[in-house]
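Here the structure comes first, spelled out in structure tokens, and everything after it is commentary.
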Amino acid sequence: MYKILANTVFLGKDIHFMTECHSTNDLAMEKIKRKEVSEGSIVITQSQTKGRGQRGSQWWTEPGKNLTFSLILRPVFLKPHKQFELSKIVCLALWETLSALDSQIKIKWPNDLFHQSQGKICGVLIENIINQQSVEFSIMGIGLNVNQLDFPFPGVSSLKKISGEEIDLNHLLSELVSKIEKWYLLLKRGDYKFIHGQYLGQLLYFQEWASYNDGETFEGKIIGVNEEGKIIVEKRTGEQVAYGIKEVKLLA
Amino acid sequence: MKAKEIQDLIDFISNSGLAEVKIETDEFKLSIKKHADAQAVRVEAAAPTQAAAPAPAPAPVAANPSPAAPAKEESSNYVEIKSPMIGTFYRTPNPDSDAFVNVGDTVSKGQTVCIIEAMKLFNEIESEVSGKIVKVLVENSQPVEYDQPLFLVDPAG
């Protein structure tokens, strides 16, 4: 179904298409271990039966309506402690592709794409194989809601729900992968400062007051993201706190 | 401190069981950290105000490594698998599956021994040694620091 991508230099030249599979990330991991894939390979499906979000949580998708795929990279130039850069570049590639369709789409820390009035439209699940020195493999699992209109829970949307238009999946995939390639090459070149600035610039509620809960409800604004990937939130009191996942919740 | 003295110190440390050594005197600050196959050395000049103090620098160096000797003796046959990053340690691929490795299991180089998660990035950690798992040093779903030992492996096992 998906054609080999023509608009990229080295990503998307090897596409493994399945009409149905449990999870493209799991399948990508199996294929890495069996040495059936290399840098730039894509595992893509029309229907993901056991798609995963965060550890233990499910990602739900209607067959044939959305983009659910995993892209395999080998960022061996990246030290394990610098891996949050991978989150940044994939979010920036998604943001660049999607914001061309709607300007209200922002990056929601750490790695969701979020429409400011409609909700979440894309989730990313990155799984790496690392050793002491470097990131040997990175599997970038992307679940992007494209043409699906009905969702079983609120706060979730799709590109069609936002724009009203049916979008060609193959074309969108090729646009997106070429953007990932662009940002990946910037990372490879070591443009950390530029990438960081762009990531902050597209981050939802960066330098804006919003309500959070860290056990207590408070008003804060995101003033930065540290190397580990934690957000630095400044409270009204002037106190600055670094939060990891699940340590703080955005209320509105 | 002379270049030769620094070199001798590095040689001494690389042959010892110490992973990291920090020395600070009025004249200089020296931090040496040992990785699997690389050494990072940092020498910083002390603050200018202290530069006048003529402390005999190398003296404490020779005395320093001795307290660590017993620790080396204790586990000299075992190798640690350490965490290459800060994150949360998981022994299983997902919440309802078996552990990657248990005490008594034999692991080979390149085999996945655990997952460390940080900010929604999930990392399978590959063992860099072959041998038998002697001890699991961290509880499932506990936070781990950079370079924290996770497993004790007997390379002869």
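The values are calculated or read from the model by the stated rules, or taken from the named source; none is laboratory data. Since this is a predicted model, take the numbers as computed values, not measurements. All Cβ positions, glycine included, derive from the backbone under ideal geometry; neighbour counts span all protein chains shown.
When you scan region B:104-124, do you find a residue that is in contact with a helix residue (DSSP H, G or I) (Cβ under 7 Å, 6 or more places away or on another chain), surrounded by fewer than 17 Cβ atoms within 10 Å (Cβ to Cβ) and either charged (D, E, K, R) or within 30 Å of A:Pro110 (Cα to Cα) (or both), even just one?
There is no residue in region B:104-124 that is in contact with a helix residue (DSSP H, G or I) (Cβ under 7 Å, 6 or more places away or on another chain), surrounded by fewer than 17 Cβ atoms within 10 Å (Cβ to Cβ) and either charged (D, E, K, R) or within 30 Å of A:Pro110 (Cα to Cα) (or both).
So which residues in region A:109-130 are touching a residue at least 40 places away in the same chain (Cβ under 8 Å) and within 7 Å of chain B (Cβ to nearest Cβ)? I'd like the intermediate steps shown before the answer.
We begin by selecting, within region A:109-130, every residue touching a residue at least 40 places away in the same chain (Cβ under 8 Å); these are A:109-110, A:114-116, A:118, A:121, A:123, A:125-130.
If the condition is that a residue be touching a residue at least 40 places away in the same chain (Cβ under 8 Å) and within 7 Å of chain B (Cβ to nearest Cβ), then A:Pro110, A:Ile126, A:Glu127, A:Asn128, A:Ile129, A:Ile130 are the ones that fit.
Got a sec? Which of A:Ile162, A:Ile167 is more than 20 Å from A:Gly197 (Cα to Cα), away from chain B (no Cβ under 14 Å) and in contact with a His (Cβ under 9 Å, 6 or more places away or on another chain)?
The conditions single out A:Ile162.
On the given criteria, is A:Tyr212 more than 30 Å from A:Phe17 (Cα to Cα), away from chain B (no Cβ under 14 Å) and surrounded by 17 or more Cβ atoms within 10 Å (Cβ to Cβ)?
Here the answer is yes, as A:Tyr212 does meet what is asked.
Please pick out the residue among A:Ser138, A:Ser163 that is surrounded by 21 or more Cβ atoms within 10 Å (Cβ to Cβ) and small (Gly, Ala, Ser).
Matching residue, one of A:Ser138, A:Ser163: A:Ser138.
Only one of (1) within 9 Å of another protein chain (Cβ to nearest Cβ); (2) within 30 Å of A:Leu149 (Cα to Cα); (3) touching a Ser or Thr at 6+ places or on another chain (Cβ under 9 Å); (4) not in a loop (DSSP other than H, G, I, E, B) fails for A:Ala93. Which number is that?
Failing condition for A:Ala93: (1).
Can you tell me which residue in region B:81-98 is farthest from the other protein chains (Cβ to nearest Cβ), limited to those that are in contact (Cβ under 8 Å) with a residue 40 or more places away in the chain and either assigned to a loop (DSSP other than H, G, I, E, B) or basic (Lys, Arg) (or both)?
B:Arg91
Taking the stated definitions as given, is A:Lys179 outside any strand (DSSP E or B), touching an Asp or Glu at 6+ places or on another chain (Cβ under 6 Å) and either modelled with pLDDT of 95 or more or within 20 Å of B:Leu121 (Cβ to Cβ) (or both)?
Details: outside any strand (DSSP E or B): yes; touching an Asp or Glu at 6+ places or on another chain (Cβ under 6 Å): yes; either modelled with pLDDT of 95 or more or within 20 Å of B:Leu121 (Cβ to Cβ) (or both): yes.
Spelling it out, A:Lys179 is indeed outside any strand (DSSP E or B), touching an Asp or Glu at 6+ places or on another chain (Cβ under 6 Å) and either modelled with pLDDT of 95 or more or within 20 Å of B:Leu121 (Cβ to Cβ) (or both).
I need the full set of residues from region A:168-190 which are loosely packed, with under 15 Cβ neighbours inside 10 Å and either without any contact (Cβ under 8 Å) to a residue 12 or more places away in the chain or of a type in the set (A, V, I, L, M, F, W, C) (or both), in order please.
Residues of region A:168-190 that are loosely packed, with under 15 Cβ neighbours inside 10 Å, as a first pass: A:168, A:170-171, A:185, A:188-190.
Passing the criteria: A:Asp168, A:His171, A:Leu185, A:Arg189, A:Gly190.
Somewhere in region A:228-235, is a residue within 11 Å of chain B (Cβ to nearest Cβ), β-branched (Val, Ile, Thr) and out of contact with any Pro (no Cβ under 6 Å at 6 or more places or on another chain)?
So the first thing to find is which residues in region A:228-235 are within 11 Å of chain B (Cβ to nearest Cβ), and the list is A:228-231.
Retained after the next criterion (residues that are β-branched (Val, Ile, Thr)): A:231.
Cutting the leftovers down to out of contact with any Pro (no Cβ under 6 Å at 6 or more places or on another chain) gives us A:231.
Yes: one or more hits.
Given A:Ile195, A:Ile231, A:Ile223, which one is β-branched (Val, Ile, Thr) and crowded, with 19+ Cβ neighbours inside 10 Å?
A:Ile231
Checking A:Ala242 against (1) without any contact (Cβ under 8 Å) to a residue 40 or more places away in the chain; (2) more than 14 Å from chain B (Cβ to nearest Cβ); (3) in a strand (DSSP E or B): exactly one of these is not met. Which one?
Only one criterion in (1) without any contact (Cβ under 8 Å) to a residue 40 or more places away in the chain; (2) more than 14 Å from chain B (Cβ to nearest Cβ); (3) in a strand (DSSP E or B) is unmet by A:Ala242, namely (2).
Within the set of pairs 6+ apart or on separate chains, which have a first residue in region A:64-85 that is surrounded by fewer than 20 Cβ atoms within 10 Å (Cβ to Cβ), a second that is assigned to a loop (DSSP other than H, G, I, E, B) and among the hydrophobic types (A, V, I, L, M, F, W, C), and C-beta atoms under 6 Å apart?
Going by the 6 Å Cβ cut-off, the qualifying pairs are A:His81/B:Met85.
Quick one: would you say A:Phe153 is of a type in the set (Phe, Trp, Tyr), over 19 Å from A:Pro110 (Cβ atoms) and assigned by TED's automatic domain parsing to the domain that holds A:Leu78? I'd like the intermediate steps shown before the answer.
On the way: of a type in the set (Phe, Trp, Tyr): yes; over 19 Å from A:Pro110 (Cβ atoms): yes; assigned by TED's automatic domain parsing to the domain that holds A:Leu78: yes.
So A:Phe153 passes the test.
Could you tell me which numbered condition A:Tyr199 fails, if it satisfies all but one of (1) in contact with a helix residue (DSSP H, G or I) (Cβ under 8 Å, 6 or more places away or on another chain); (2) not in a helix (DSSP H, G or I)?
(2)
Just one of the numbered conditions (1) in a loop (DSSP other than H, G, I, E, B); (2) within 14 Å of chain B (Cβ to nearest Cβ); (3) within 20 Å of A:Thr61 (Cα to Cα) is not true of A:Gly141; which one?
Of the numbered conditions (1) in a loop (DSSP other than H, G, I, E, B); (2) within 14 Å of chain B (Cβ to nearest Cβ); (3) within 20 Å of A:Thr61 (Cα to Cα), the odd one out for A:Gly141 is (1).
Enumerate the pairs (first residue in region B:111-129 and within 7 Å of chain A (Cβ to nearest Cβ) and part of a loop (DSSP other than H, G, I, E, B); second residue anywhere and acidic (Asp, Glu) and surrounded by fewer than 21 Cβ atoms within 10 Å (Cβ to Cβ)) with beta-carbon separation below 9 Å, excluding pairs fewer than 6 apart on the same chain, so at least 6 apart or on different chains.
Pairs found: B:Met119/A:Glu228.
Residues being surrounded by fewer than 15 Cβ atoms within 10 Å (Cβ to Cβ), closer than 29 Å to A:Ala28 by Cβ and more than 11 Å from every other protein chain (Cβ to nearest Cβ): count how many of those fall in region B:130-147.
The number of residues fulfilling the criteria is 2.
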